[in-house]
1. Need the failing condition index for residue 275 against (1) surrounded by 14 or more Cβ atoms within 10 Å (Cβ to Cβ); (2) at pLDDT below 90; (3) in a loop (DSSP other than H, G, I, E, B), just the number.
2. For the range 238-258, state whether one or more residues are loosely packed, with under 14 Cβ neighbours inside 10 Å, assigned to a helix (DSSP H, G or I) and modelled with pLDDT under 95.
3. Residue 83 is checked against (1) touching a helix residue (DSSP H, G or I) at 6+ places or on another chain (Cβ under 6 Å); (2) surrounded by 22 or more Cβ atoms within 10 Å (Cβ to Cβ); (3) modelled with pLDDT of 95 or more and fails just one. What number does that condition carry?
4. Can we say residue 136 is at pLDDT 95 or above, part of a helix (DSSP H, G or I) and farther than 19 Å from residue 88 by Cβ?
5. I need every pair where a residue in the range 244-259 that is more than 27 Å from residue 274 (Cβ to Cβ) has its Cβ under 6 Å from the Cβ of a residue that is modelled with pLDDT under 95 and crowded, with 20+ Cβ neighbours inside 10 Å, sequence separation at least 6 or different chains.
6. Which of the residues spanning the range 125-145 are touching a residue at least 40 places away in the same chain (Cβ under 8 Å) and more than 12 Å from residue 160 (Cα to Cα)?
7. Based on this model, can you work out whether residue 210 counts as assigned to a loop (DSSP other than H, G, I, E, B) and at pLDDT below 90?
8. Would you pick out the residues in the range 92-106 that are over 14 Å from residue 78 (Cβ atoms) and in contact with a strand residue (DSSP E or B) (Cβ under 7 Å, 6 or more places away or on another chain)?
């Protein structure tokens with residue numbers, strides 16, 4: 001009885017410690033500068049694009065990683081204005097169901113911040129998130145040169161995701177851009193196998209410019225020499241910029257058609273069929289390109305179809321009932 005009582009006390013203390021560590025982690029994250037605010041300040045001060053990447057790399061190295069370490073990750077990098085989260089999630093689902101260990105970094109989160117970093121389709125557990133968080137945060141805190149010498153929120157989460165994916169030894173990293181592409185902190189990645197751009201539109205004009213041309217220029221910043229690049233049909237102005245940027249970056253840009261209607265009728269989502277077909281067509285192309293790039297066996301059609309059938313991405317066209325009201 002005494003042994004059992006002691007065990008219960010230790011377990012209780014352990015649970016309280018995990019809860020405390022996670023709560024404190026969220027509080028510490030909340031104290032970091034927002035991504036939009038950081039980029040806005042960058043634009044105001046007319047800092048060059050390389051300075052943003054240099055700052056991100058500085059914090060990456062302080063955390064204990066180098067760009068050479070990141071080269072070990074096999075990356076699918078995705079940006080766009082509409083549908084990039086859905087496209088990434090479906091691409092991840094296809095590759096996971098094909099037997100690959102997946103790491104997926106996405107934003108924003110619906111409820112809890114740990115939802116942004118996923119292994120094999122599942123968000124990190126609180127205790128796992130807290131473990132990795134404090135390892136990285138304490139390292140950065142210890143090496144500060146002044147009081148405010150810390151990465152902004154999204155930059156920290158990106159660096160944290162890299163630590164998780166390397167430690168968890170994922171086969172593929174699906175990386176969703178935060179804002180834009182060219183100056184986004186995810187764009188320090190050098191070993192991009194596949195890059196994708198979803199539908200473009202006017203967004204974040206104070207950061208990316210107020211024309212489709214400038215927005216397309218920023219988005220195409222994720223293209224890397226030799227990578228496989230894909231996009232959905234865009235308007236002529238955007239497509240001209242994307243094509244020009246792909247030539248400058250040394251990669252070939254492919255335009256993806258929407259998923260065949262006969263396949264996409266089996267989807268389990270409230271998303272309009274036309275939108276889903278567009279995103280799904282791109283997701284399948286990204287997944288196929290990744291296995292081809294790495295010399296792996298071709299994806300099985302029945303696995304892809306099953307992934308589409310079972311796909312569920314919460315918070316997108318989802319109807320939720322609360323107190324007899326639908327939201």
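1. (3)
2. So far as the range 238-258 goes, no, none of its residues is loosely packed, with under 14 Cβ neighbours inside 10 Å, assigned to a helix (DSSP H, G or I) and modelled with pLDDT under 95.
3. The single condition residue 83 does not satisfy is (3).
4. Considered against the rule, which asks whether it is at pLDDT 95 or above, part of a helix (DSSP H, G or I) and farther than 19 Å from residue 88 by Cβ, residue 136 comes out as yes.
5. none
6. 126, 127, 143
7. Values: assigned to a loop (DSSP other than H, G, I, E, B): yes; at pLDDT below 90: yes.
Yes.
8. Residues satisfying the conditions are 96, 100.
The values are calculated or read from the model by the stated rules, or taken from the named source; none is laboratory data. Just so we're clear, the structure is a prediction, and the values are computed from it rather than from any experiment. So basically every Cβ, Gly included, is an ideal-geometry build from the backbone, and we count neighbours across all protein chains shown.
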